[in-house]
Amino acid sequence: TQLVENTLVLANIGQTFPILLIPLVLLSWLYARQWVLLFCTATTTFDLFLMIFVMGLSINGLFLAVLAVLFRGFMFLLIGMVINYLVEQQKKNQIALIAANEKLRHYATVREQLATTQERNRLARELHDTLAHTLAAATVHKEAVRVIWNTQPEKAQTMVDQSVVMM
């Protein structure tokens, strides 16, 4: 009878383990550590109450039942805390990733503005240098045309045509 009683106690505790594991995992995933601790304490206390006051076990059966319930409570606590820790780490990593993504987006915006400014400056220098040289050359050409206008009209006309092409 003692063996049958011990087997029934262990079977009872073994049957409730997977049933209570599901809410433990969900609770650990969604809520803080104190809720995991409360769940483990409540289920262990309730099972101890049932084993001691309701089932009417012998001393050996009661001792085995208390040990099994305490072991299950410890395992629940361990599993719940590990899941809760992993979820917290995942949330911290997600927050860090969001912050890094925001910094990267800001860096890309600043880099784009810098590239636009650099291109504008390059174009301004190029236009300034090209336009200044072209206007200086046209001025020199015009002065040369003025000097030879009366003495060599055909050459002056050719120079005016070249000036128009150059401009």
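Scanning region 19-55 for residues that are of a type in the set (Phe, Trp, Tyr) and farther than 24 Å from ALA65 by Cβ turns up TRP29, TYR31, TRP35. Confirm whether ILE52 is touching a helix residue (DSSP H, G or I) at 6+ places or on another chain (Cβ under 8 Å), part of a helix (DSSP H, G or I) and not basic (Lys, Arg). Yes: the conditions hold for ILE52.
When each of GLU88, GLU102 is tested for being out of contact with any Asp or Glu (no Cβ under 7 Å at 6 or more places or on another chain), assigned to a helix (DSSP H, G or I) and open to solvent by less than 70 Å² (accessible area, probe 1.4 Å), the lone residue that passes is GLU88.
Here is a yes/no grid of residues against (1) at pLDDT below 85; (2) part of a helix (DSSP H, G or I); (3) surrounded by 10 or more Cβ atoms within 10 Å (Cβ to Cβ); (4) in contact with a strand residue (DSSP E or B) (Cβ under 9 Å, 6 or more places away or on another chain):
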| position | (1), (2), (3), (4) |
| --- | --- |
| LEU57 | yes, no, yes, no |
| ALA65 | yes, yes, yes, no |
| LEU77 | no, yes, yes, no |
| THR117 | no, yes, yes, no |
| ASN121 | no, yes, yes, no |
| THR134 | yes, yes, yes, no |
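Within region 62-79, residues that are farther than 13 Å from VAL25 by Cβ and touching a residue at least 24 places away in the same chain (Cβ under 8 Å) sit with their Cβ atoms under 7 Å from residues that are in a helix (DSSP H, G or I) and of a type in the set (Ser, Thr, Tyr), at 6+ positions apart or across chains, in these pairs: VAL69/THR44; LEU70/THR44; GLY73/THR43; GLY73/THR44.
The values are calculated or read from the model by the stated rules, or taken from the named source; none is laboratory data. Computed from a predicted structure; not experimentally measured. Glycine gets a Cβ as well: all are built from the backbone with ideal geometry, and neighbour counts include every protein chain shown. In case anyone asks, the SASA skips ligands and DNA or RNA and just uses the protein heavy atoms, side chains included. Shrake-Rupley method; radii C 1.70, N 1.55, O 1.52, S 1.80 Å.
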